[in-house]
Each structure stands twice: as structure tokens, then as C-alpha cells.
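Undergrad: Starting off with a structure, shown below.
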Amino acid sequence: MSHLPRHIAIIMDGNGRWAKQHKLATALGHRKGVESLREIIRYSSDVGIAVLSLYAFSTENWKRSPEEVSALMGLILDFFHSEIDELDAKDVRIRIMGDVDGLPEKQARTVRSAQERTENNKGLQLNIALNYGGQAEILRAISALCEKVIKGDIKCQDIDDALFQQELYTAGQPMVDLLIRTSGEMRISNFLLYQLAYAEMLFPQVLWPDYTVDMFKKDLETFGGRDRRYGGRKA
Ligand code: IPE
Ligand code: IPE
Ligand code: MG
């Protein structure tokens, strides 16, 4: 493959519509979605992608019915319990992006332990956004920098892109090269607002549970053909 993105972000959208299409309960759409996720993680790890960021639950998703929220919370536990051994064996390093304290206690404990267990792994960096909002992430970074200024660790005029990036969940990682959002919606929905600055974007017209590794490969090829200029001009 010509030119792989270092950091891929995915908004895994369309589970609800998939369930509706198949006349199934919404929860079953989410369950089916986990299968796509498993395949995409496996492939990304095998092919040597550096960073994969997956949007699993936004700060706005709490607005959904208690039944749906609880089905999603259940899936989080199932996912970590069933996948952690394989992910660890594949040297995947897990980082949770988002407010873990705002998750139910069991989920918080489970995701923290997955993060700790894999923190020294050297393979695919897997960021899972849970109770995540891009605006909240930026505000949190500003607040952390303010604290440092007050303590006298840094001066206001020291604040630059590098210092700011250190306060994001993606600290130490490259910015997003490729954003994929399935289901045909063309919006960011509060994902990685800062990190997407120069990301290439693809919006495959397929619901997340129907998204396959072959489609992912095609999307990676499309990315390889993109001309990225970062505001400059090529001769
Ligand atoms: C995305 O699928 C998964 C989550 C938001 C957790 P949706 O549930 O948003 O699917 P649609 O958009 O209703 O089809
Ligand atoms: C974004 O999808 C969040 C996740 C995929 C986890 P949504 O379905 O929640 O976003 P909107 O409501 O269509 O913008
Ligand atoms: Mg949706």
C-alpha cells in the first residue's frame, strides 16, 4: 500500500439505522458494530498503523434512552473482557480518551485496568473515546495550562502548540491524518476538534456494522492518493 496514515480516527456511526433496517432492537445494532470494530483493530495492528482513535461514546450520547445507554455500557464491559487478552498479546497499547470518572464504577475500573495493563506495550496505540467531547478536551487542556501558570511552572507567553498538545488525551501522538465516518453523516459531532486540523476526511456511505476490512483497505488507498498541502503550495 502506497502511503499509510499514521493516525486514523473513526466515528463508528450507523448502528441504530442498521438495527432498524434489520428490524432488530437498537442494542443489537451496537452489538453487531462491535464485530466491525474488532476486525478494524486487528487489521490496523497487523498492518502497522501507529495510532487508531475510535469514537465509542460521546458526552452527548447520555441523552439517549436509559435502555440504550445501559446496553452500550454493557457492551463496554463485554468488549474489554473478551478482547483484552488478545489486544495485550498483540502488543496494543490502550488509552481511554474522555471523562472516565463520569462512567459507572464498574466500567471505569475495567477501562482503567485495561489501560494500565497495556501501558508499556509498543504496538498499535489504540485510543478509545468514552464519555468524550472535543470541546471538553480543549477546555480541560486550557484549565491544566492555567494551573501550571498559577504554580509558576510556565509563563502565559510559553503556551504554544507543543505545550497545548501535551495536555490533550493524544499527548505524545501525531495529529490525525485520516478521519473516517461511516453512515453517510458528514459532521464531526465533537470528535477530536483540535487534532483534526489537517485531517483528510472520508465519509463512506455504509452503516458501521456493514463496514468491512476490504472497505477500510480501499479507504486507506484513497487516502494514499490525497494531495496534502497544509496551506502551502506544491511546485
Ligand atoms: C453509533 O451508532 C454508535 C454510538 C453513537 C454509540 P448510532 O447509534 O449513532 O447509529 P445511528 O446514527 O442511530 O444509525
Ligand atoms: C457520534 O455519533 C458519536 C459516536 C459515534 C460515538 P452520533 O450518532 O452520536 O452523532 P450525531 O448525533 O449524529 O451527531
Ligand atoms: Mg449516530
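The values are calculated or read from the model by the stated rules, or taken from the named source; none is laboratory data. Computed from a predicted structure; not experimentally measured. Virtual Cβ from ideal backbone geometry, glycine too; neighbours counted across all protein chains shown. Calculation scope for accessible area: heavy atoms of the full protein, side chains included, ligands and nucleic acids excluded. Shrake-Rupley method; radii C 1.70, N 1.55, O 1.52, S 1.80 Å.
Undergrad: Leu220: open to solvent by less than 60 Å² (accessible area, probe 1.4 Å), away from ligand 1 (no atom under 16 Å from the Cβ) and outside any loop (DSSP other than H, G, I, E, B), yes or no?
TA: yes
Undergrad: Tell me, which residue of the range 97-144 that is of a type in the set (Ser, Thr, Tyr) and either open to solvent by less than 40 Å² (accessible area, probe 1.4 Å) or in a strand (DSSP E or B) (or both) is farthest from Lys155 (Cα to Cα)?
TA: So the residue we want is Thr110.
Undergrad: I've got another one for you. Select from the range 3-26 the residues that are open to solvent by 10 Å² or more (accessible area, probe 1.4 Å) and in contact with an Asp or Glu (Cβ under 7 Å, 6 or more places away or on another chain) and list them in ascending order.
TA: Result: Arg6, Asp13, Trp18, Thr26.
Undergrad: Would you be able to say whether some residue in the range 52-66 is away from ligand 3 (no atom under 16 Å from the Cβ), under 19 Å from the mean Cα position of the chain (by Cα), open to solvent by 30 Å² or more (accessible area, probe 1.4 Å) and closer than 14 Å to Gln125 by Cβ?
TA: no
Undergrad: Moving to a separate point now. Identify the residue in the range 189-204 that is more than 16 Å from ligand 3 (Cβ to nearest atom) and not hydrophobic (A, V, I, L, M, F, W, C) and, among all such residues, is most open to solvent (accessible area, probe 1.4 Å).
TA: Only one residue tops the list, namely Tyr198.
Undergrad: Would a scan of the range 171-188 turn up a residue that is farther than 23 Å from Asp13 by Cα, open to solvent by 10 Å² or more (accessible area, probe 1.4 Å) and in a helix (DSSP H, G or I)?
TA: No, because not a single residue in the range 171-188 is farther than 23 Å from Asp13 by Cα, open to solvent by 10 Å² or more (accessible area, probe 1.4 Å) and in a helix (DSSP H, G or I).
Undergrad: Would you mind stating whether Asn121 is in contact with a Ser or Thr (Cβ under 7 Å, 6 or more places away or on another chain) and not charged (D, E, K, R)?
TA: For Asn121, the condition - in contact with a Ser or Thr (Cβ under 7 Å, 6 or more places away or on another chain) and not charged (D, E, K, R) - is not met.
Undergrad: Within the set of pairs 6+ apart or on separate chains, which have a first residue in the range 13-34 that is in contact (Cβ under 8 Å) with a residue 60 or more places away in the chain, a second that is more than 14 Å from ligand 3 (Cβ to nearest atom) and assigned to a loop (DSSP other than H, G, I, E, B), and C-beta atoms under 8 Å apart?
TA: If the second residue must be more than 14 Å from ligand 3 (Cβ to nearest atom) and assigned to a loop (DSSP other than H, G, I, E, B), the pairs left are Gly29/His22.
Undergrad: Which residue is nearest to ligand 2 (Cβ to nearest atom), if the candidates are limited to the range 1-58 and must be touching a strand residue (DSSP E or B) at 6+ places or on another chain (Cβ under 9 Å) and among the charged types (D, E, K, R)?
TA: It comes out as Asp13.
Undergrad: Which residues, taken from the range 152-166, are open to solvent by 90 Å² or more (accessible area, probe 1.4 Å) and within 23 Å of Gly134 (Cα to Cα)?
TA: Correct list: Gln166 only.
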